[in-house]
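Here's the structure we're looking at; comments come further down.
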Amino acid sequence: MTSFETRLSNWREIFSDALASHIQECYLGEDLVTQATRYALLAGGKRVRPLLCLLTNEALGGKLPQAMTAALAVEFIHTYSLVHDDLPSMDNDDLRRGKPTAHKVYGEAQALLAGDALLTDAFGLVAGSGADASIDSQAKVAMVRELAAASGSQGMVLGQSLDLYWTARTGAERQHLDQIHERKTGRLLGCSAALGAIAAGTSPDVVQRFRSFGERLGLAFQIMDDLLDESTATGKSVGKDKDAGKLTYLAMMSPTAARAAAENQSKLALAELSGIVPKNSDLELFAHWLLKRTF
Ligand code: GRG
């Protein structure tokens, strides 16, 4: 492990501890929806979005508690999206993160509700619900706006709708592919970095640079995800996207061209940090790590 990977795994542990405490506080019930919510949150995952939020905040000299609430909120929204994405009415998947999907364990209705709970609770978290008085109300409103824009009708929801529309359909062009992934993946990564910047108390201009950094990084991440679709290491059903006729980067270009497109997006992402974050910061190393990942 490089020293950066050791630091990254420490950050992941810090996030997992905060998540575990939050679960202790809010999701201990034995009713089915709470069990399904807990199951989805604790099923593992790389925690890319909260790490991006925390590393952005750190790169800007922000304090951890302010950013942690936002980090939890983005992971809640991400987890909701995975639970809903796996449902029979969407991608109908049996495996996620190497484990049975939430609806396979708790049934479709309870899984749907667990997703709804996570989405709603994410907004409750950043709005404060009395918990974190250290973020001022203006910053909280800005965070709520970021989350809504990234996940709502012009964000992830639209990306998912377009993705379903273009599945097993001919006639798609590169712009359709980019639009799906900008919305479905890019926006939430952009939001994660923007939340880290807001938590650090930066100006709207700087927040915009980080949003754009995260969005480009998200596209690069998605292209790599397409390249990894045929690997068993992801814990998803192998080759699922390809077999389902999904509009992926590999449906439109060679693996070599896809890798080059990911590298280009990552370069453009890093250019957004120039003059704000020092070279070789952990945030920059994280962007490189995302492209090298094998799971
Ligand atoms: C249901 C509104 C709605 C949206 C669903 C997230 C999503 C949109 C669909 C999941 C399928 C997919 C390939 C999405 C692209 C984003 C992506 C790469 C998700 C997987 O994220 P990881 O790799 O997951 O960070 P882990 O398991 O590590 O948390």
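The values are calculated or read from the model by the stated rules, or taken from the named source; none is laboratory data. The structure displayed is predicted, hence computed values, not measured ones. So basically every Cβ, Gly included, is an ideal-geometry build from the backbone, and we count neighbours across all protein chains shown.
The table below lists the values:
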quantity	calculated
Condition broken by VAL105, with the remaining ones in (1) modelled with pLDDT of 95 or more; (2) away from the ligand (no atom under 13 Å from the Cβ); (3) within 20 Å of the chain's Cα centre (by Cα) satisfied	(3)
Elements of type helices (runs of 4 or more DSSP H) contained in the stretch 209-280, each with 1 or more residues being closer than 18 Å to TRP166 by Cα and at pLDDT below 95	240-243, 249-252
Residue check for LEU247: within 10 Å of the ligand (Cβ to nearest atom) and hydrophobic (A, V, I, L, M, F, W, C)	no
Yes/no for THR170 being within 12 Å of the chain's Cα centre (by Cα), among the polar types (S, T, N, Q) and closer than 15 Å to THR248 by Cβ	no
Selection within the stretch 143-190 - more than 17 Å from ASP225 (Cβ to Cβ), touching a Phe, Trp or Tyr at 6+ places or on another chain (Cβ under 8 Å) and touching a residue at least 60 places away in the same chain (Cβ under 8 Å)	LEU147, ALA172, HIS176
Residues of the stretch 38-54 satisfying the condition of being in contact with a Leu (Cβ under 7 Å, 6 or more places away or on another chain) and away from the ligand (no atom under 15 Å from the Cβ)	none
Flag if GLU146 is under 19 Å from SER192 (Cβ atoms), part of a helix (DSSP H, G or I) and within 16 Å of the ligand (Cβ to nearest atom)	no
Total residues in the stretch 55-86, condition under 13 Å from the mean Cα position of the chain (by Cα) and more than 10 Å from the ligand (Cβ to nearest atom)	6
Only one of GLN110, GLN66 that is at pLDDT below 95 and among the polar types (S, T, N, Q)	GLN66
Subset of the stretch 93-114 (residues that are within 27 Å of ALA148 (Cβ to Cβ) and touching a residue at least 40 places away in the same chain (Cβ under 8 Å))	ASP93, ARG96, ARG97, ALA102, GLN110, ALA111, LEU113, ALA114
Residue in the stretch 26-35 that is within 30 Å of ARG211 (Cβ to Cβ), crowded, with 23+ Cβ neighbours inside 10 Å and away from the ligand (no atom under 13 Å from the Cβ) present	no
Residues that are more than 16 Å from the ligand (Cβ to nearest atom) and crowded, with 19+ Cβ neighbours inside 10 Å, drawn from the stretch 159-194	ALA194
Among (1) away from the ligand (no atom under 12 Å from the Cβ); (2) part of a loop (DSSP other than H, G, I, E, B); (3) in contact with a Ser or Thr (Cβ under 7 Å, 6 or more places away or on another chain), the one test that ALA114 misses	(2)
